[in-house]
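The values are calculated or read from the model by the stated rules, or taken from the named source; none is laboratory data. Keep in mind that what you see is a predicted model, and the values were worked out from it rather than measured. Note: ideal-geometry Cβ built from the backbone for every residue, glycine included; neighbour counts use all protein chains shown.
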């Protein structure tokens, strides 16, 4: 089983281009299964010896431990992928995890900031300081191009086509897409580019990084989160917002402005349209609230008896 685990994770890394976070999560999921086997069975069975009954016992154990449904669903997805790989690799004749039922997971509506709130946030970084110009460019790009924070910090100087006004973005699975950039973000990027300074001690891979920290090295996702938190506190906006909230705001505002769902899917880099459809629920809810607040015969009131 340990050999299968290592081969599976290597397959995800090399052939599927999975992110380090995905590899870490799947590794932890498999370790959880192995610990269960050692505790309940006493040893790690060979992949071909694992039964559906044992895996159902593991799922019951996860429920007993009161893991969140999202966690259980992810671990079941990991098991299916593991044994699918085992079948392909000849370690199993069939996939014992295929028949496992995934618990229903309710999808929360994504949080977002209003246009007015974003205008306040984007003006917060000081425009008379190099790092302030960097932060303005960073926040503008997250919102205007709808980037994931990992995509933002992964940007290189060569990814910015100033003439065309587009960015080359590497998304999940290292899939590339072209992201158009609006005039506000383009100006912010140009101003940051003028004052950007690379550290002499920076590694070759860091020297081409578009967004740098105060030491002249590539900015990290954690640093972006901390910077956003600082500006949220400074402006008095929702402190629970994250860099991904700006991406949610990007999609919501596009749909509110009349963009079609397929175009939003392409701009976000979503593989499935189903993933993008969650934003239609946000727009529908806002439309309903606006209707009920504005129309004299729409308010939900009890009829007068």
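Residues to consider are 246, 255; find the one that is at pLDDT below 90 and either outside the structural domain of residue 141 (by TED's automatic domain parsing) or under 26 Å from residue 172 (Cβ atoms) (or both).
The match here is 255.
Which one is modelled with the lowest pLDDT among residues in the range 40-57 that are in contact with a helix residue (DSSP H, G or I) (Cβ under 8 Å, 6 or more places away or on another chain) and part of a loop (DSSP other than H, G, I, E, B)?
41
Name the residues in the range 177-194 that are farther than 13 Å from residue 136 by Cα and either surrounded by 12 or more Cβ atoms within 10 Å (Cβ to Cβ) or modelled with pLDDT of 95 or more (or both), would you?
Answer for the range 177-194, where residues must be farther than 13 Å from residue 136 by Cα and either surrounded by 12 or more Cβ atoms within 10 Å (Cβ to Cβ) or modelled with pLDDT of 95 or more (or both): 177, 178, 179, 180, 181, 182.
Against the condition out of contact with any strand residue (DSSP E or B) (no Cβ under 7 Å at 6 or more places or on another chain), surrounded by 15 or more Cβ atoms within 10 Å (Cβ to Cβ), at pLDDT 95 or above and not in a helix (DSSP H, G or I), how does residue 124 come out, does it pass?
For residue 124, the condition - out of contact with any strand residue (DSSP E or B) (no Cβ under 7 Å at 6 or more places or on another chain), surrounded by 15 or more Cβ atoms within 10 Å (Cβ to Cβ), at pLDDT 95 or above and not in a helix (DSSP H, G or I) - is met.
Would you confirm, using the coordinates I've provided, whether residue 221 is more than 22 Å from residue 116 (Cα to Cα) and at pLDDT 90 or above?
yes
Within the range 160-167, does at least one residue satisfy the condition of being in a loop (DSSP other than H, G, I, E, B), loosely packed, with under 15 Cβ neighbours inside 10 Å, in contact with a strand residue (DSSP E or B) (Cβ under 9 Å, 6 or more places away or on another chain) and without any contact (Cβ under 8 Å) to a residue 12 or more places away in the chain?
Within the range 160-167, one or more residues are in a loop (DSSP other than H, G, I, E, B), loosely packed, with under 15 Cβ neighbours inside 10 Å, in contact with a strand residue (DSSP E or B) (Cβ under 9 Å, 6 or more places away or on another chain) and without any contact (Cβ under 8 Å) to a residue 12 or more places away in the chain.
Check 113, 133 and return the single one that is surrounded by 15 or more Cβ atoms within 10 Å (Cβ to Cβ), modelled with pLDDT of 95 or more and touching a helix residue (DSSP H, G or I) at 6+ places or on another chain (Cβ under 6 Å).
Result of the check over 113, 133: 133.
All but one of (1) out of contact with any strand residue (DSSP E or B) (no Cβ under 9 Å at 6 or more places or on another chain); (2) surrounded by 15 or more Cβ atoms within 10 Å (Cβ to Cβ); (3) at pLDDT 90 or above; (4) within 25 Å of residue 264 (Cα to Cα) hold for residue 148, so report the exception by its number.
Every condition holds for residue 148 apart from (1).
Which residues, taken from the range 1-39, are surrounded by fewer than 17 Cβ atoms within 10 Å (Cβ to Cβ), in contact with a helix residue (DSSP H, G or I) (Cβ under 7 Å, 6 or more places away or on another chain) and over 22 Å from residue 102 (Cα atoms)?
Once the filter is applied, which keeps residues that are surrounded by fewer than 17 Cβ atoms within 10 Å (Cβ to Cβ), in contact with a helix residue (DSSP H, G or I) (Cβ under 7 Å, 6 or more places away or on another chain) and over 22 Å from residue 102 (Cα atoms), the range 1-39 yields 7, 11, 13, 16, 17, 19.
So residue 110 ticks every box in (1) under 19 Å from residue 245 (Cα atoms); (2) assigned by TED's automatic domain parsing to the domain that holds residue 275 but one. Which box is left unticked?
(2)
Output yes when any residue across the range 283-304 is under 15 Å from the mean Cα position of the chain (by Cα), in a helix (DSSP H, G or I) and either at pLDDT 70 or above or in the same structural domain as residue 135 (by TED's automatic domain parsing) (or both), and no when none is.
No; the residues of the range 283-304 include none that is under 15 Å from the mean Cα position of the chain (by Cα), in a helix (DSSP H, G or I) and either at pLDDT 70 or above or in the same structural domain as residue 135 (by TED's automatic domain parsing) (or both).
One line per residue, one yes/no per condition, for (1) surrounded by 19 or more Cβ atoms within 10 Å (Cβ to Cβ); (2) in contact with a strand residue (DSSP E or B) (Cβ under 6 Å, 6 or more places away or on another chain); (3) in contact (Cβ under 8 Å) with a residue 24 or more places away in the chain:
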{"residue": "205", "(1), (2), (3)": "no, no, no"}
{"residue": "209", "(1), (2), (3)": "yes, yes, yes"}
{"residue": "215", "(1), (2), (3)": "no, no, no"}
{"residue": "228", "(1), (2), (3)": "yes, no, yes"}
{"residue": "235", "(1), (2), (3)": "no, no, yes"}
{"residue": "238", "(1), (2), (3)": "no, no, yes"}
{"residue": "249", "(1), (2), (3)": "yes, no, yes"}
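May I ask you to list the residues in the range 115-138 that are in contact (Cβ under 8 Å) with a residue 40 or more places away in the chain and under 12 Å from residue 249 (Cα atoms)?
Across the range 115-138, the qualifying residues are 115, 117, 118.
Taking the stated definitions as given, is residue 254 surrounded by 19 or more Cβ atoms within 10 Å (Cβ to Cβ), more than 23 Å from residue 180 (Cα to Cα) and touching a residue at least 12 places away in the same chain (Cβ under 8 Å)? Working first, answer last.
Details: surrounded by 19 or more Cβ atoms within 10 Å (Cβ to Cβ): yes; more than 23 Å from residue 180 (Cα to Cα): no; touching a residue at least 12 places away in the same chain (Cβ under 8 Å): yes.
Against the criterion (surrounded by 19 or more Cβ atoms within 10 Å (Cβ to Cβ), more than 23 Å from residue 180 (Cα to Cα) and touching a residue at least 12 places away in the same chain (Cβ under 8 Å)), residue 254 does not qualify.
From the list 75, 56, 40, which residue is outside the structural domain of residue 148 (by TED's automatic domain parsing) and under 21 Å from the mean Cα position of the chain (by Cα)?
Being outside the structural domain of residue 148 (by TED's automatic domain parsing) and under 21 Å from the mean Cα position of the chain (by Cα) holds for just one of 75, 56, 40, which is 75.
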